[in-house]
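These notes are about the structure you will find just below.
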Amino acid sequence: MRKTCIVILGPTAVGKTAVAVEVALKYNSQIISADSRQCYKEISIGVAKPSPEQLARVPHFFINSHSIHQEVNAAIFESYALSAVEKIFQKNDIAVLVGGTGLYINAFCNGMDIIPDSKPGLRDQITEAYRQNGLAWLQQQVKEADPLYFASGEIQNPQRLMRALEVKLSTGKSIKEYHTKNKIVRDFDIIKVGLQLPKEDLYHNIHYRVDEMMRQGLLEEAEGLRLFRHLNALQTVGYTELFDYLEENISLEQAVELIKKNTRNYAKRQMTWFKKDTSTTWFSPVDIISLLSYLDINIHNK
């Protein structure tokens, strides 16, 4: 049997972590997280890390592995995840990768285009300007600087917009020009399974999760990180809204509702990204039996 990595993807709050744990236990394997925020050890509640019980049941890579003061991007993740999967393959023919960060999953599966380093301090300058001027300002800057990206990129996603602006101002070229689509063929098989729920159920999960995060102390966590709000790691739904509350720009009730709204919008963007990949087979997270049966058949037929 060839070495195989099972990739479990889907929107936030769909139930990926629980399914990944069950899959890893079935194959006596380990998990690589493909979440761009769960790697930071200083933030926990707002990024819905696996519970201590889940981490105890199955070893995880890319959880609490980095600091918010370190740069982490898709290229860094690709290198980290490839090293991690090789460690898993030393003991097991099956590895599990799970997450909702589409760019990270794509980097792992297909490789990354190499983009030159940015000018020192430029990302911090763009981040601070966005914080002061808002999304409409950021969209206008990208529209003027990089119309190629603006015409077809994710213009509602501030992280993607800031990255596009950063690359354009650093290199003089659109980030789209670096997307050559030359896929790398890995020396192991990849089976992609996606998890999805009816919109109403997913939104219910999102709202419940946000309320639960607040009960667990998300506000206090954000307050402790307030001095670092300018860092890229904290330009994240759940923290930016509470930072606005702490600076008395909005009420706490408004902040919580914005977290729910922005999380719903993020889930929509995730599904738009993932549905473009026709190699993914979709399941309900509650239908674990069908998912495991599908994996068994495909692993042994490889």
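Observations on the structure shown:
- Acute angle (nearest 10 degrees) that the helix 16-26 long axis makes with the longest principal axis of the chain, alpha-carbon atoms: 20 degrees
- When peptides 216-229, 4-17 are ranked by their average number of other Cβ atoms within 10 Å per residue, the highest-first order is 4-17, 216-229.
- Amide H contacts of residue 7 (H built 1.01 Å from N, in plane; Pro and chain starts excluded): 97, 191, 192, 193 sit under 5 Å, all sequence-distant by 5 or more or on other chains.
- With DNA, RNA and ligands ignored, accessible area of residue 22 (1.4 Å probe; Å², nearest 10): 80 Å²
- Heavy atoms of residue 230 accessible to a 1.4 Å probe, total area in Å² rounded to 10: 80 Å²
- With every protein chain in place, segment 88-165: carbon and sulfur % of accessible area (1.4 Å): 50 percent
- The alpha carbon gyration tensor of the chain gives principal lengths a ≥ b ≥ c with a/c of 1.5 or higher and a/b no greater than b/c, which makes the shape oblate.
- Rounded to the nearest 10 Å², the accessible area of residue 183 at probe 1.4 Å: 150 Å²
- Cα gyration tensor shape of segment 210-268, rounded if a/c is under 1.5, else prolate or oblate by comparing a/b with b/c: rounded
- Relative to the compact-globule estimate of 2.2 N^0.38 Å, the Cα radius of gyration of segment 104-193 comes out at 1.22.
- Folded to 0 to 90 degrees: helix 122-133 orientation relative to the chain principal axis, Cα: 60 degrees
- Ellipticity estimate at 222 nm from DSSP helix runs (n ≥ 4, -39,500 (n - 2.57)) divided over the chain, nearest 500: -16000 deg cm²/dmol
- Prolate/oblate/rounded label for segment 1-141 (Cα gyration tensor, a/c 1.5): prolate
- Over segment 149-300, accessible surface divided per residue gives 54 Å², non-protein components excluded, 1.4 Å probe.
The values are calculated or read from the model by the stated rules, or taken from the named source; none is laboratory data. Please read these numbers as outputs of a predicted model, since none were measured by experiment. So basically every Cβ, Gly included, is an ideal-geometry build from the backbone, and we count neighbours across all protein chains shown. Side chains included, ligands, DNA and RNA excluded: accessible areas come from the protein's heavy atoms. Shrake-Rupley method; radii C 1.70, N 1.55, O 1.52, S 1.80 Å.
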